[in-house]
Amino acid sequence: MYTSEDVKMLVQDKHTALSTRAWNEEYLHVHMQDDYDVISILLSKEQAELLRDTLDVFLEGGYADE
């Protein structure tokens, strides 16, 4: 179950912003915006966990050799 305190996040630099928040108890709302485009998606808990795990591997360099 999602709560706003658990998933609220904002990452922002000069050109890009990424924010997440609980849409309701079952879905995570992800909002991404840069100088040219905006995208918002709803992710189920399973999708959000898969995205998190994939990004963790990518950020740690796990896909560099593939």
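A short reminder: the numbers here are calculations on the coordinates, not readings from a lab. Quantities reported herein were computed from a predicted structural model and do not represent experimental measurements. When we count neighbours, we look across all protein chains shown, and the Cβ atoms used for this are built from the backbone with ideal geometry, even at glycine.
Can you order the peptides 32-40, 18-26, 45-53 by their average number of other Cβ atoms within 10 Å per residue, highest first?
18-26, 45-53, 32-40
Between L55 and D35, what is the FRET efficiency for a Förster distance of 22 Å, r being their Cβ-Cβ separation, to the nearest 0.05?
With R0 = 22 Å, the Cβ-Cβ based efficiency is 0.50.
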